[in-house]
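What follows draws every value from the coordinates through simple rules; no lab data is involved. All of these numbers come straight from a predicted model, not from anything done at the bench. Virtual Cβ from ideal backbone geometry, glycine too; neighbours counted across all protein chains shown.
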């Protein structure tokens, strides 16, 4: 049975914020105005809200969509990012002999859904180089397979050219830590068990976050929706 480590996302967010404040000068430095807390919705928005408020930083969201395998949409073979770029698990793509035609079609379909969500959550779908030369703290309520957060992290580093990327999550399997450290400049994971089934297993309360909750938080942080 998985041990419960956090009462709720708010509890986890407060613990993340406290650790970041304690490590502030080592990880972030003193220039608060250059920090962007980037949350993966929906669950990550609760973490991001608390971290951004405690650090007096700007809050934003990043939406990626997985590319499911043919005949098995739950199996992620890659992920699409807001600008239409995508990252593939080439090993799985090659093993399943997935065609480029299939990938291209999935990219178009998932990009439309990304644009819809971004417009709903932040009022616009374009980022306009908003993370360039910034310190970005990428947060979520937990990591399972790592597909979403790794795709987002690669996009932020490669496409958005941030100054520094910090990944901060309450829980992630120990097996994924090496991959996180490869893409991020610093990684903060509060609990990294070897045996991992689902993120929600480590929370006492883990209810689904509604779209209107995401919008409310984004409006409170100055986004015009």
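The residue 158 and residue 18 beta-carbon pair, evaluated with R₀ = 30 Å, returns a calculated FRET efficiency of approximately 0.45. Classify region 174-215 from the C-alpha gyration tensor, please: rounded if a/c falls under 1.5, else prolate or oblate depending on whether a/b exceeds b/c. Oblate shape, in that a/c is at least 1.5 and b/c is the bigger or equal ratio. Quick one: grab the alpha carbon gyration tensor of region 65-122, order the square roots of its eigenvalues as a ≥ b ≥ c, and give me rounded if a/c is under 1.5, else prolate or oblate depending on whether a/b is larger than b/c. Since a/c reaches 1.5 and a/b is larger than b/c, the shape of region 65-122 is classed as prolate. Springs join every pair of Cα atoms under 10 Å in this Gaussian network model of the chain, and among 124, 194, 164 the largest mean-square fluctuation is at 194. Entry note, the chain: the mean residue ellipticity at 222 nm calculated from DSSP H runs of n ≥ 4, each adding -39500 (n - 2.57), is -11500 deg cm²/dmol after division by the residues and rounding to the nearest 500. For the pair residue 132 and residue 207 in one chain, pulling the backbone fully straight at 0.36 nm per residue adds 23.6 nm over the alpha carbon distance.
Across region 65-122, the relative contact order, built from alpha-carbon pairs under 8 Å that are at least six residues apart, equals 33 percent. The distance between label points at residue 71 and residue 109 comes to 1.6 nm (points 7 Å beyond Cα on the Cα→Cβ vector). Remark: 180, 118 ranked as 118, 180, counting other beta-carbon atoms within 10 Å and listing the fewest first.
Using the 10 angstrom Cβ neighbour count as an exposure proxy, how do 191, 202 rank, fewest first? Present the calculation step by step, with values, prior to reporting the outcome.
On the way: 191 16, 202 22.
Going from sparsest to densest Cβ surroundings: 191, 202.
Report the relative contact order of the chain, percent, no decimals, based on alpha-carbon pairs under 8 angstrom and at least 6 residues apart. Dividing the mean separation by the residue count of the chain yields 25 percent.
Note on the chain: with a GNM built from Cα contacts shorter than 10 Å, the maximum mean-square fluctuation among 108, 61, 171 falls on 108. Put in line by how crowded their Cβ is, counting other Cβ atoms within 10 Å and starting with the fewest, 63, 189 read 189, 63. Result for the chain in a Gaussian network model with C-alpha springs under 10 Å: among 34, 152, 99, the largest mean-square fluctuation is at 99.
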